[in-house]
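Working notes, beginning with the structure itself.
The values are calculated or read from the model by the stated rules, or taken from the named source; none is laboratory data. For clarity, every value in this text was computed on a predicted model and none was experimentally measured. As a convention, Cβ positions derive from the backbone with ideal geometry for all residues, glycine included, and neighbour counts pool all protein chains shown. Note: accessible area is taken over every heavy atom of the protein model, side chains too, but ligands, DNA and RNA are not part of it. Shrake-Rupley method; radii C 1.70, N 1.55, O 1.52, S 1.80 Å.
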Amino acid sequence: MWRKWGNFASLNNTFMANVLTELVGRQAARYGSRAALYRREDGGRWIPTSWQQFEHQAECAALALEALGVGEQETVAVFSPNDVKILVTDFGAFANRAVPVSIYATSSAEQVEYITRDSGAKVLFAGTAEQYLIARRVAAAVDTLRQIVVYDDIVLERSDETTLKFSDFLALGEAASERGRAEVERRRAAALPEDTATLLYTSGTTGEPKGAILTHSNFSRALDMHVEALTSLSDSDTSLSFLPLSHIFEKAWTYLCLHIGIRVYVNRDPRAIQDTLKEVRPTCMCAVPRFWEKAYTTIQDKMTRMSPFNRWLCARALNVGRRRNLHYARQGLKAPFFLERGYRFYHSRVFRKVQRIMGIENGNIFPTAGAPVSSTIAEFFRSMGVPIVVGYGLSETTATVSFFPYTGYEVGTVGRPLPGVEVRIGDESEILVKGPNVMRGYYNRPAETAAAFTPDGFFRTGDAGFLDDNGAIVLTDRLKDLFKTSNGKYIAPQAIESRLAGDRFIEQVAVIGDQRKYVTALIVPAIEAVKEYAREKKIQYSSVEELVKDDRVREMVGRRIEKLLAGLASFEKIKKFTLLPREFTMESGELTNTLKIRRPVINSRYAAQIEAMYL
């Protein structure tokens, strides 16, 4: 019944068809009073939830959903910032054979209404007072929505007769009848591998979001494949849940951690991540490249302020770290004696100190995906001994398609495919994926589903790239983002943007040039860094708008762009740029919920600034 994968035992998939359905009960029987999850209370203390408590709460949630009339394979929506209650809801839904649908906490009322209506959700779980008010608007507009449940202990509107507080929701399950308990048990026993586990709505850089149907079989097989590949993980690890649990990357990673028995700290406020890291000091955490870009620019900024000797020491340390970790350890080779001794010296004197300041000194594996990762940044942290693992995946593939193996990875790639996942390159260099982790299709979208697959069953990712000689995937760009200049030259904007993203003076970039004579860019500078530069150079200004238009600031940014893009072909380089006084945001519609640029929105909103660069 049991077999060994890496450092822990896992149930054979042929024995347990739906891993998620039984996961909490299985782990509660194994770990009992040991902590499964941690949440931070208002006073700042981390409060554990034991596996036994998790099991009891998930069971109460399952019974409450049945009592509220949520049937088998019917949907419930979850609209909340990260919270332990989300996981209780998810696994309660699985036990009831229901389908949780994640909605980003930053979504607008229109987006929440669209997903709630499209998915047919019967219950909407709202996190905060702000989300509760949006949920009330949605309930008035969507007939199929029967109930709101609020996670936070807030004051409800007096006229509200359709909302339960989460404590009352669990109490409803606690008081379930014998008939209700028998029905939930029947549903759990009737669960099938082909059941829908969740709907993951794509963030939609263009058009309306589509709900990817991920089955229990998708998750069961994906978990098995990760356990086979990630042999360094064990139940002695600690994970920090930092990305939104509505993001497939964080959702699938957290499920994997629970499957393995890794303790999970749930970070509620992404703005507090730096403090949270120092408190938790996790061994693993998934993040998007922007997290590492900001860390890189912070470290680089501090290095520029060091004494000449300390700058030399850091440069020497990085050189030794690069040779040891990228020339030898990356290939699974033992470093020469003096190189290894030098590395250990610099690790204790330099790298370890930086890691401790960040809270990542206990790192086992730090997966990063969701956008292109600059090779400079990947090499920098790998040289420091930080185990960044670059990967690639989509909502439609239950997160992972590929990632760096422990040895033999190549910086500049997104690693090799998971065991059991097949990748090939199709027309227009499109990456095509086939495997047991690929979605069943898009919910209520037969035409889009048919268009998403090749005749022989490969999923069309929409990403362009190629396979290197070792079978690793090299991404070039999103097919819809690739453009051609009026001179017939193809441009991959994300590749250019990722080169600029690690600069301490650059916050965001949108590369322009489709059917234009040359490439330009809209650049949001790192305002605080630019203000500091202005102080050093005694540049006077009365507003941020005036500061970003100053010729001396523009010249400084231009020099940095020229240096960062050295080595690109002439037609790929940015010929002109405009500095913007404010960031692209989700609230303005310029970014998706996963922080990707919505190029059509930006092209439309900044049409005048763009046209001015081509006069």
### Query
Which of (1) within 17 Å of N364 (Cα to Cα); (2) out of contact with any Ser or Thr (no Cβ under 7 Å at 6 or more places or on another chain) does R268 not meet, given it meets every other one?
(1)
## Note on the structure
Exception for S383 within (1) polar (S, T, N, Q); (2) open to solvent by less than 20 Å² (accessible area, probe 1.4 Å); (3) under 30 Å from L479 (Cβ atoms) falls at (3)
### Query
Quick one: what pairs do we get from segment 189-210, first residue more than 18 Å from A399 (Cβ to Cβ) and open to solvent by less than 30 Å² (accessible area, probe 1.4 Å), second modelled with pLDDT of 95 or more and charged (D, E, K, R), C-beta under 7 Å, 6+ apart or different chains?
A191/R97; D195/R97
### Task
Please go through segment 247-263 and pick out each residue that is in contact with a Pro (Cβ under 9 Å, 6 or more places away or on another chain) and either surrounded by 23 or more Cβ atoms within 10 Å (Cβ to Cβ) or under 27 Å from I299 (Cβ atoms) (or both).
F249, E250, K251, W253
## Note on the structure
If we keep only residues of segment 506-524 that are open to solvent by 10 Å² or more (accessible area, probe 1.4 Å) and part of a loop (DSSP other than H, G, I, E, B), then the residue nearest to G465 (Cα to Cα) is D514
### Query
Any residue at all in segment 136-148 that is free of Cβ contacts under 8 Å to residues at least 12 places away in the same chain and either on the phi < 0 side of the Ramachandran plot or open to solvent by less than 50 Å² (accessible area, probe 1.4 Å) (or both)?
yes
### Message
Condition first: over 21 Å from R382 (Cα atoms), modelled with pLDDT of 95 or more and open to solvent by 70 Å² or more (accessible area, probe 1.4 Å). Can you find one or more residues in segment 430-443 that meet it?
### Response
yes
#### Entry: Members of segment 507-529 found to be of a type in the set (D, E, K, R), over 15 Å from S486 (Cα atoms) and without any contact (Cβ under 8 Å) to a residue 40 or more places away in the chain, listed by number
E528
#### Entry: Options V101, V88: the member that is hydrophobic (A, V, I, L, M, F, W, C), touching a Leu at 6+ places or on another chain (Cβ under 6 Å) and surrounded by 23 or more Cβ atoms within 10 Å (Cβ to Cβ)
V101
### Query
What are the residues in segment 55-82 that are surrounded by 22 or more Cβ atoms within 10 Å (Cβ to Cβ) and not in a helix (DSSP H, G or I), if any?
V70, T75, V76, A77, V78, F79, S80, P81, N82
### Query
Hey, among the residues in segment 16-54 that are touching a helix residue (DSSP H, G or I) at 6+ places or on another chain (Cβ under 9 Å) and in a loop (DSSP other than H, G, I, E, B), which one's surrounded by the most Cβ atoms within 10 Å (Cβ to Cβ)?
N18
## Note on the structure
Taking segment 478-504 and keeping residues among the hydrophobic types (A, V, I, L, M, F, W, C), open to solvent by 10 Å² or more (accessible area, probe 1.4 Å) and either modelled with pLDDT of 90 or more or closer than 25 Å to R416 by Cα (or both) leaves L479, L482, A492, A495, A501
### Query
Is it true that some residue in segment 321-333 is in contact (Cβ under 8 Å) with a residue 60 or more places away in the chain, in contact with a strand residue (DSSP E or B) (Cβ under 8 Å, 6 or more places away or on another chain), small (G, A, S) and over 30 Å from E528 (Cα atoms)?
no
### Query
Mind checking which residues of segment 282-299 are open to solvent by 10 Å² or more (accessible area, probe 1.4 Å) and either closer than 17 Å to P244 by Cβ or touching a strand residue (DSSP E or B) at 6+ places or on another chain (Cβ under 8 Å) (or both)?
T283, V288, R290, F291
### Task
Determine whether R158 is of a type in the set (K, R) and assigned to a helix (DSSP H, G or I).
no
### Message
Taking the criterion of being open to solvent by less than 20 Å² (accessible area, probe 1.4 Å) and without any contact (Cβ under 8 Å) to a residue 40 or more places away in the chain, would at least one residue in segment 407-414 satisfy it?
### Response
no
### Message
Which condition from (1) open to solvent by less than 50 Å² (accessible area, probe 1.4 Å); (2) in contact with a helix residue (DSSP H, G or I) (Cβ under 7 Å, 6 or more places away or on another chain); (3) outside any helix (DSSP H, G or I) is the one that G420 breaks?
### Response
(1)
### Task
Please specify each residue of segment 449-477 satisfying the condition of being surrounded by 13 or more Cβ atoms within 10 Å (Cβ to Cβ), charged (D, E, K, R) and out of contact with any helix residue (DSSP H, G or I) (no Cβ under 7 Å at 6 or more places or on another chain).
R460, D463, D468
### Task
Please work out which residue is nearest to V390 (Cα to Cα), limiting yourself to segment 271-288 and to residues that are out of contact with any Leu (no Cβ under 8 Å at 6 or more places or on another chain) and of a type outside the set (A, V, I, L, M, F, W, C).
T283
### Query
Mind checking whether some residue in segment 355-369 is under 32 Å from the mean Cα position of the chain (by Cα), at pLDDT below 95 and open to solvent by less than 50 Å² (accessible area, probe 1.4 Å)?
yes
### Query
Which fully enclosed helices (runs of 4 or more DSSP H) of segment 204-308 have 1 or more residues being at pLDDT 95 or above, within 24 Å of R97 (Cβ to Cβ) and out of contact with any His (no Cβ under 7 Å at 6 or more places or on another chain)?
216-229, 248-260
